[in-house]
């Protein structure tokens, strides 16, 4: 039998032979964890922190919804460097992130529906970015390979 052809460049692998996570994956995580990032920025700027949170999240319920949806991405930041230690958890985490993105899309569409005519363009941009991130997470071959176990990938 002939060995399977290599699907990725040798530069796509780290010095341990594991497939590196694509740069856009980290962008997807930042997009999903945007509420957490804003929360940390608000905590760092003590006097202006409350005003910063009120600017982006005038409704506290929406803030907590964003914190909840960003939790899988925040945990993925911690889990990604140690993915070889918990391969089953890592393999399932792609689907956890996908569900989180679907929930974010649903929440954004619900928010647009509630606002009717006075919709800010930021919500529409976030819907577009969330949809693109979901498509990337589900369709990118290299990212799929990063979430499969090494025994299955070969």
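The values are calculated or read from the model by the stated rules, or taken from the named source; none is laboratory data. The structure presented is a predicted model; accordingly, all values stated were derived computationally and were not measured. When we count neighbours, we look across all protein chains shown, and the Cβ atoms used for this are built from the backbone with ideal geometry, even at glycine.
Can you confirm whether residue 46 is at pLDDT below 90, over 12 Å from the mean Cα position of the chain (by Cα), over 26 Å from residue 131 (Cβ atoms) and exposed (fewer than 12 other Cβ atoms within 10 Å of the Cβ)?
Yes; evaluated as a whole, the condition is true for this residue.
Scanning region 14-26 for residues that are touching a helix residue (DSSP H, G or I) at 6+ places or on another chain (Cβ under 9 Å) and assigned to a loop (DSSP other than H, G, I, E, B), which turns out nearest to residue 77 (Cα to Cα)?
Checking each candidate, the answer is 21.
When you go through 71, 29, 53, 78 one by one, which is the residue that is over 25 Å from residue 132 (Cα atoms) and either part of a helix (DSSP H, G or I) or touching a strand residue (DSSP E or B) at 6+ places or on another chain (Cβ under 8 Å) (or both)?
Criteria check complete, one pass: 53.
Of (1) part of a helix (DSSP H, G or I); (2) within 18 Å of the chain's Cα centre (by Cα); (3) surrounded by 15 or more Cβ atoms within 10 Å (Cβ to Cβ); (4) in contact (Cβ under 8 Å) with a residue 24 or more places away in the chain, residue 102 satisfies all except one. Which?
(3)
Please work out which residue is modelled with the lowest pLDDT, limiting yourself to region 110-129 and to residues that are surrounded by 11 or more Cβ atoms within 10 Å (Cβ to Cβ) and not in a helix (DSSP H, G or I).
Applying the filter and picking the extreme gives 119.
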